[in-house]
1. Tell me yes or no: at least one residue of the stretch 25-34 is at pLDDT below 95 and either within 21 Å of residue 154 (Cβ to Cβ) or within 18 Å of the chain's Cα centre (by Cα) (or both).
2. Tally time: how many residues in the stretch 148-160 are out of contact with any strand residue (DSSP E or B) (no Cβ under 8 Å at 6 or more places or on another chain) and over 25 Å from residue 100 (Cβ atoms)?
3. Which of the helices (runs of 4 or more DSSP H) found entirely inside the stretch 153-243 contain at least 2 residues meeting this: farther than 18 Å from residue 136 by Cβ?
4. Starting from residues that are under 11 Å from residue 85 (Cα atoms) and touching a helix residue (DSSP H, G or I) at 6+ places or on another chain (Cβ under 6 Å), keep the ones in the stretch 21-47 and report whichever is surrounded by the most Cβ atoms within 10 Å (Cβ to Cβ).
5. For the stretch 143-157, enumerate the residues that are more than 30 Å from residue 8 (Cα to Cα), within 18 Å of the chain's Cα centre (by Cα) and either surrounded by 19 or more Cβ atoms within 10 Å (Cβ to Cβ) or in contact (Cβ under 8 Å) with a residue 40 or more places away in the chain (or both).
6. Could you count how many residues in the stretch 1-20 are part of a helix (DSSP H, G or I) and either at pLDDT 95 or above or surrounded by fewer than 24 Cβ atoms within 10 Å (Cβ to Cβ) (or both)?
7. Identify, please: which residue in the stretch 126-142 is in a loop (DSSP other than H, G, I, E, B) and buried (at least 24 other Cβ atoms within 10 Å of the Cβ) and is, among those, farthest from the chain's Cα centre (by Cα)?
8. Name, by its number, the condition in (1) in contact (Cβ under 8 Å) with a residue 40 or more places away in the chain; (2) farther than 23 Å from residue 4 by Cα that does not hold for residue 193.
């Protein structure tokens with residue numbers, strides 16, 4: 001028996017249009033799943049020029065998860081076994097210290113997690129499904145320039161615990177994944193700045209940044225029967241950065 005065979009399974013990756021989410025989406029496709037993704041651009045073709053984006057073999061829908069009304073009405077898969085919540089945004093230049101920046105980051109990074117989970121609770125309960133909440137190692141430490149990002153990710157870790165406890169009785173297993181430094185559009189402020197990049201790499205015991213494939217492997221494990229007794233926990237996948 002192949003514990004990582006997702007044939008016949010329906011998967012939705014929120015934030016699956018690029019970066020970590022896109023890597024996770026394609027990993028599920030490669031293991032047999034029918035995968036839908038939500039992103040922010042009008043069509044899949046609008047991502048053709050985006051680095052780290054490949055929407056081939058993925059069903060795509062535009063959804064601004066910062067808007068609860070869109071979450072409630074957006075197209076989803078006909079059957080759902082795995083919901084991966086990988087949405088995220090960040091505002092640099094101290095924008096998160098201002099009310100508008102704070103509210104936007106919290107709406108996308110935290111509020112939408114609960115809204116999406118509630119939207120698909122019934123479908124997941126019917127199929128004894130799994131929710132994978134993607135947070136960040138920033139949820140475990142201070143982030144001097146991005147208070148909303150850090151607070152939202154800490155909230156995501158806590159939400160994983162709480163929903164894990166509350167929804168296990170409904171047949172839904174809730175688990176989490178906390179990436180470290182991965183080269184995506186959200187981390188360009190570090191990865192494209194030589195001194196910051198070198199400083200970051202010195203802090204990672206493995207000596208390299210993570211990749212979307214690294215995160216995808218962890219997501220597959222967490223969503224699979226191999227992790228059947230894992231509930232409410234967030235797996236830190238950071239090459240040792242947080243040590």
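The values are calculated or read from the model by the stated rules, or taken from the named source; none is laboratory data. If you're wondering where the values come from, they're calculated on a predicted model, not measured in any experiment. Reconstructed Cβ throughout: ideal geometry from the backbone, glycine too, with neighbour counts over all protein chains shown.
1. Of the residues in the stretch 25-34, the ones at pLDDT below 95 are none.
No, that holds for no residue.
2. From the stretch 148-160, those out of contact with any strand residue (DSSP E or B) (no Cβ under 8 Å at 6 or more places or on another chain) are 148-152, 154-155, 158; that's our starting set.
Those left that are additionally over 25 Å from residue 100 (Cβ atoms): none.
Within the stretch 148-160, residues that are out of contact with any strand residue (DSSP E or B) (no Cβ under 8 Å at 6 or more places or on another chain) and over 25 Å from residue 100 (Cβ atoms) number 0.
3. Numbers: elements: 188-191, 194-202, 212-223.
So the answer is 194-202, 212-223.
4. Filtering first and then ranking leaves 24.
5. Passing the criteria: 148, 149, 150, 151, 152, 153, 155.
6. Kept after step one, since they are part of a helix (DSSP H, G or I), are these residues of the stretch 1-20: 19-20.
Narrowing the set further to residues that are either at pLDDT 95 or above or surrounded by fewer than 24 Cβ atoms within 10 Å (Cβ to Cβ) (or both) leaves 20.
Selection size over the stretch 1-20: 1.
7. Narrowing the stretch 126-142 to residues in a loop (DSSP other than H, G, I, E, B): 127-129, 135-136, 141-142.
Right, trim to buried (at least 24 other Cβ atoms within 10 Å of the Cβ) and you get 129, 135-136.
Details: 129: 17, 135: 6, 136: 9 Å.
Filtering the stretch 126-142 for residues that are in a loop (DSSP other than H, G, I, E, B) and buried (at least 24 other Cβ atoms within 10 Å of the Cβ), the one farthest from the chain's Cα centre (by Cα) comes out as 129.
8. Residue 193 satisfies every listed condition except (1).
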